[in-house]
């Protein structure tokens, strides 16, 4: 497992790897029982009670949900981003080439996570998370730290010509620019490519499996 924000004792964040098995959950209910069993086992190994995990059902959009105690253990449909200020509630999304984006505000003690593919990027999913931090937690963007986890690099990414005109696939700088424009300056980017490292990461584009297999990204505040 890849661990993030390890310098903060109150934050638990990371990304599963291929050895942990596929964690992909589609935007439907009920969840596949085998996937649920695998996810539960993974979280238990991290010292996380599965009933405290909240999972976003991904639709490549920009909808951000504020999560609290009542959502613990839920699978939320139609959302690509989650935020919370509630301790011991762990937010999750799944990825298999798209960016897992982790947010932490050490001043308001709030965290968030987003699934950011090119469709979500065009729709403003990162800006949506920052705006929700401001509205829900009174966060200042300058206090928000962002970590972008492993994702497919542009050399392996192909899009239709009309999409390419709208979105530059060499997009790390674009993602930084989007965050910068809403006031976020503290951004760390992992340079590992999901396509290039099959021993560690699933890649939808490389593996071409149906259903898609992927990793689970998670973040939460420990009490």
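Of note:
Yes/no matrix, rows are residues, columns are (1) in contact with a helix residue (DSSP H, G or I) (Cβ under 8 Å, 6 or more places away or on another chain); (2) surrounded by fewer than 21 Cβ atoms within 10 Å (Cβ to Cβ):
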site: 106; (1), (2): yes, yes
site: 114; (1), (2): yes, no
site: 127; (1), (2): yes, yes
site: 130; (1), (2): yes, no
site: 135; (1), (2): no, yes
site: 139; (1), (2): yes, no
site: 148; (1), (2): yes, no
site: 156; (1), (2): yes, yes
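- Number of positions in region 1-34 that are farther than 20 Å from residue 151 by Cα and surrounded by 19 or more Cβ atoms within 10 Å (Cβ to Cβ): 2
- Test result for residue 79, under 18 Å from residue 25 (Cβ atoms) and not in a loop (DSSP other than H, G, I, E, B): no
- Summed over region 2-17, residues that are in a strand (DSSP E or B) and either in contact (Cβ under 8 Å) with a residue 24 or more places away in the chain or farther than 16 Å from residue 192 by Cβ (or both) total 7.
- Restricting region 102-126 to residues that are closer than 14 Å to residue 194 by Cβ and touching a strand residue (DSSP E or B) at 6+ places or on another chain (Cβ under 6 Å), the residue that is modelled with the lowest pLDDT: 116
- Options 40, 97; residue that is under 25 Å from residue 191 (Cβ atoms) and either touching a helix residue (DSSP H, G or I) at 6+ places or on another chain (Cβ under 6 Å) or in a helix (DSSP H, G or I) (or both): 97
- The single condition among (1) touching a strand residue (DSSP E or B) at 6+ places or on another chain (Cβ under 7 Å); (2) modelled with pLDDT of 95 or more that residue 131 does not satisfy is (1).
- Any hit, region 140-149, residues being assigned to a loop (DSSP other than H, G, I, E, B), more than 15 Å from the chain's Cα centre (by Cα), modelled with pLDDT of 90 or more and closer than 16 Å to residue 184 by Cα: yes
- Residue list for region 181-206, restricted to those being out of contact with any helix residue (DSSP H, G or I) (no Cβ under 9 Å at 6 or more places or on another chain), outside any loop (DSSP other than H, G, I, E, B) and surrounded by fewer than 19 Cβ atoms within 10 Å (Cβ to Cβ): 188
The values are calculated or read from the model by the stated rules, or taken from the named source; none is laboratory data. Just so we're clear, the structure is a prediction, and the values are computed from it rather than from any experiment. Note that each Cβ is placed from the backbone with ideal geometry, even for glycine, and that neighbours are counted across all protein chains shown.
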